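S.K.: Next up is a structure, given as structure tokens.
The values are calculated or read from the model by the stated rules, or taken from the named source; none is laboratory data. None of the values given here were measured: they were computed from a predicted structure. Ideal geometry is used to build each Cβ from the backbone, glycine not excepted, and the neighbour counts take in all protein chains shown.
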Amino acid sequence: MGLSPTFRLNDTGEGVSRIRANRQASSAVTKYRVLDSRAGCSLVELQPLTGVKHQIRVHLASALGCPILGDHKHSCSSKLAPQKLPENVLGKLGLDKSKTRHLPLHLHARQMVLPGNNSHPEIRVVCPMPKYFAKVLHRLELVFPDEDLK
């Protein structure tokens, strides 16, 4: 089973283009919102509306063209290889090119909501950000908004 985005950001980045979907691929939908962006790096909030394996990783890498930091599987479509990062990002992270393979996947489930029904209320689970994730945000000068979770 594969996953293929239906839409992709166009070359100007100002709109989306419909792409021919692989007929054997699963359909998946993810809402996203950019929380902060600096020097080619962005902090993005994602809300998957479907539950397809690797959905978020594939949508960011293939549809938006911005793979997740530390996603060595989906950052290069032709082969499994350590993620290649721009020199300015390597500098901010204090990394050599040879050390990028050690970057963990910077994907964090901040909140999960299990819907309730007539006899049970919804269950909301909130998780703190891992320390390594917060440290990288600080080094990249990305600000996590101080807003209440909805």
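S.K.: Got a sec? Which strands (runs of 3 or more DSSP E) wholly within the stretch 1-53 have at least 1 residues that are modelled with pLDDT of 85 or more, exposed (fewer than 11 other Cβ atoms within 10 Å of the Cβ) and not β-branched (Val, Ile, Thr)?
M.R.: Fully inside the stretch 1-53 and qualifying: 30-38.
S.K.: Next question, about the same structure. Can you spot a residue in the stretch 118-136 that is of a type in the set (D, E, K, R), in contact with a helix residue (DSSP H, G or I) (Cβ under 6 Å, 6 or more places away or on another chain) and at pLDDT 95 or above?
M.R.: No.
S.K.: Could you please find all residues in the stretch 85-108 being assigned to a helix (DSSP H, G or I) and either surrounded by 10 or more Cβ atoms within 10 Å (Cβ to Cβ) or not acidic (Asp, Glu) (or both)?
M.R.: Residues satisfying the conditions are Asn88, Val89, Leu90, Gly91, Lys92, Leu93, Lys97, Ser98, Lys99, Thr100, Arg101, His102.
S.K.: Within the stretch 109-129, can you find the residues that are in a loop (DSSP other than H, G, I, E, B), out of contact with any Cys (no Cβ under 7 Å at 6 or more places or on another chain) and closer than 19 Å to Ile56 by Cα?
M.R.: Cys127, Met129 - these are the residues of the stretch 109-129 that are in a loop (DSSP other than H, G, I, E, B), out of contact with any Cys (no Cβ under 7 Å at 6 or more places or on another chain) and closer than 19 Å to Ile56 by Cα.
S.K.: Are there any pairs, at least 6 apart or on different chains, whose C-beta atoms fall under 9 Å, with the first in the stretch 111-123 and of a type in the set (A, V, I, L, M) and the second in a loop (DSSP other than H, G, I, E, B) and surrounded by 10 or more Cβ atoms within 10 Å (Cβ to Cβ), and if so, which?
M.R.: Going by the 9 Å Cβ cut-off, the qualifying pairs are Met112/Cys127; Ile123/Gly116.
S.K.: Please tell me if Leu69 is surrounded by 18 or more Cβ atoms within 10 Å (Cβ to Cβ), part of a loop (DSSP other than H, G, I, E, B) and in contact with a strand residue (DSSP E or B) (Cβ under 8 Å, 6 or more places away or on another chain).
M.R.: Criteria met by Leu69.
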